[in-house]
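The values are calculated or read from the model by the stated rules, or taken from the named source; none is laboratory data. Keep in mind that what you see is a predicted model, and the values were worked out from it rather than measured. So basically every Cβ, Gly included, is an ideal-geometry build from the backbone, and we count neighbours across all protein chains shown. Note: areas computed on protein heavy atoms with side chains; ligands, DNA, RNA excluded. Shrake-Rupley method; radii C 1.70, N 1.55, O 1.52, S 1.80 Å.
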Amino acid sequence: MDIPALQRALAESRLDGWLLYDFHGQNPTAVSALDLAGHMLTRRWFYLVPRAGEPVALVHQIELGSFPRHVPGARRGYSSWQSLRGELSALLGGLGPRARVAMEYCPEGAIPYLSRVDGGTLELVRGYGVEVVSSAELVQRFLCRWDDAQVESHRRALAAIDAAKDEAFQRIGAAQRKGERILETEVQRFLMERFAAAGLETDHPPIVAVNGHAGDPHYVPSEATPTPIERGDLVLIDLWARGTGPRDVYADITWVGYCGEKPPAKVQEVFEVVSGARDVGLATVEQAFRDGRTLQGWEVDRAVRDFIWSKGYGERFVHRTGHSIGTNVHGDGVNLDDLETHDTRTLVPGLAFSIEPGVYLPDEGLGVRCEIDVFLAPDGPKVFGKIQHELVRI
């Protein structure tokens, strides 16, 4: 982290410090902030960045030597629970009376991605007369914004998964023209092979879903229930991957195809509703940039959701409009969400997120989702991949 810039941000926000805390990786935000992944830290640690002055790490005595040198600031050690409390009291007391300190906490757990610190630790910190507030905007500003190298890693990953998706649709079509049986799981394995060939990794294999399976947003193809892809079928492919560099970021897209020349009217109707809703989401972000307005995440979701409600499918749009994207496919930044949460975090330059509305009708044997990734560049929102405007004819 850029400590001087962070301290300026603390002053602007009238915060006295940012207190990072972790035990056994329960706060991945803190681990990421200090680049501690892979280091042997088995005891509780705190790291305080005050509004002014030197940061301080409070670490167990047996791990003072293993706490990485690249983390700036002083080191203080503790061994017993009594000494931990004494050191923590002195550390927080140095911030002055009624100090306001940011931690990975959200009131009532409203944003689970930022509710990382356990309730007991919050009680402990508050016991020293400290007001704990959410670090949500600090996390966005200092941990979630992409640099130029990350933008390029996204573009590389996006080009590779987009090509893999095209090849998968072509493979399905070729098999059907030859009269060969092809399964969801076979297409899924093919996509994983294409990822490997492109030097990509993913946290989970892609979704390949036929007909009613596409009506389950998180459907998992299974060898236990092999499903063939046949003429007249709807096929949804949702795929996400990133390069293997430690700071490479994900690309995440969803496309839908139809095995035939003329899709049923219902399939075409639902596709037009979903793709139209996606376009409303992107247009909302673009218009706000032109107007010089800063949106909150929930506002984009609401615009998309209202459009789908107006078309009669509101109850079948059962998840948020989009999620933050980073080195994890679901990042720590703002989500486009006024359903699962009411996300009031701001969409600031440097962030990236998906726009992926869906309408799910498993009882009618179909589901449609259209997904793009958006990067908020200084000169406006960018979509570096193709945008699906018609059903793929397989």
Computed magnitude of the charge dipole of the chain (debye, nearest 20; Cβ of K, R +1, Cβ of D, E -1): 800
Which of 366, 206, 15 sits farthest toward the positive end of the charge dipole of the chain, with +1 on the Cβ of Lys and Arg and -1 on the Cβ of Asp and Glu? 15
Between residue 5 and residue 145, what is 0.36 nm times their sequence separation minus the Cα-Cα distance? Round to one decimal in nm. 49.0 nm
From Cα pairs below 8 angstrom and at least 6 apart in sequence, can you work out the relative contact order of the stretch 3-143, rounded to a whole percent? 24
Which three semi-axes in whole Å describe the equivalent ellipsoid of the chain, each the square root of 5 times a Cα gyration tensor eigenvalue, listed largest first? 44, 23, 18
Residue by residue, what Karplus-based ³J(HN,Hα) values in Hz, rounded to whole numbers, does the stretch 329-339 have, using 6.51, -1.76 and 1.60 with θ = phi - 60° and x for Gly and Pro? 5, 10, x, 8, x, 4, 9, 8, 8, 10, 10
About its Cα centre, how strong a charge dipole does the stretch 79-225 have in debye, to the nearest 20, once Lys and Arg get +1 and Asp and Glu get -1 at the Cβ? 160
Furthest towards positive pole of dipole, 253, 119, 90, structure part the chain, Cβ charges: 90
Full extension between residue 193 and residue 63 adds, at 0.36 nm per residue less the Cα distance, a length in nm of 42.6 nm
Using a Gaussian network model of the chain whose springs link C-alpha atoms within less than 10 Å, name the residue from 44, 345, 242 with the highest mean-square fluctuation. 44
Under Stokes-Einstein, the stretch 326-382 at 20 °C and 1.002 mPa s, with its Kirkwood radius over C-alpha pairs, diffuses with a coefficient in µm²/s of 163
For helix 297-310, report the angle its Cα long axis makes with the longest principal axis of the Cα atoms of the chain; keep it between 0 and 90° and round to the nearest 10°. 30
Over the chain, what is the relative contact order in whole percent, taking alpha-carbon pairs under 8 Å and six or more residues apart? 14
Once all protein chains are kept in place, residue 106 shows an accessible area at probe 1.4 Å, nearest 10 Å², of 10
What residues from the stretch 163-205 fall in the zone where the backbone N is under 19 Å from a label point 7 Å along the Cα-to-C-beta line of residue 230? 172-187
Projected area, mean over directions - the stretch 353-392, Cα convex hull, nm²: 3.5
Would you compute, for the Cα atoms of the stretch 265-369, the largest minus smallest coordinate along each principal axis and list the three values in descending order, in whole Å? 40, 30, 20
³J(HN,Hα) across the stretch 241-258 via Karplus (A = 6.51, B = -1.76, C = 1.60, θ = phi - 60°), whole Hz, x for Gly/Pro? 6, 8, x, 8, x, x, 10, 5, 10, 7, 10, 8, 9, 9, 10, 10, x, 10
Would you mind pulling out the separation of the Cα centroids of the stretch 170-236 and the stretch 284-330, in Å? 28
For residue 162 the rounded accessible area (nearest 10 Å², probe 1.4 Å, non-protein molecules ignored) is 20
Sparse-neighbourhood loop hits (GluC sites (Glu not before Pro), the stretch 107-193; DSSP loop; Cβ within 10 Å at most 11 others) -> 180
Could you tell me which of the pairs 178/262; 165/386; 178/266; 165/382; 165/262 are separated by over 23 angstrom between their Cα atoms in the structure shown? 178/266
Once you charge only the Cβ atoms, +1 for Lys and Arg and -1 for Asp and Glu, what is the size of the charge dipole of the stretch 3-143 about its Cα centre, to the nearest 20 debye? 280
Approximate spin-label separation residue 311-residue 163, in nm, with each point projected 7 Å along Cα-to-Cβ: 3.2
Simple spin-label model, 7 Å along Cα-to-Cβ: residue 180 to residue 13 in nm? 5.5
Once phi for every residue in the stretch 72-87 is put through the Karplus expression 6.51 cos²θ - 1.76 cosθ + 1.60 (θ = phi - 60°), the whole-Hz ³J(HN,Hα) values, with Gly and Pro written as x, are x, x, 7, 10, 10, x, 9, 10, 8, 5, 5, 5, 4, 5, x, 5
Candidates per chymotrypsin sites (Phe, Trp or Tyr not before Pro) in the stretch 53-162, loop by DSSP, up to 16 other Cβ within 10 Å: 128
Counting only DSSP loop positions in the stretch 269-343, the trypsin sites (Lys or Arg not before Pro) whose Cβ has at most 11 other Cβ atoms within 10 Å are 293
The computed P(r) of the stretch 3-143 puts the percent of Cα pairs beyond 23 Å at 28
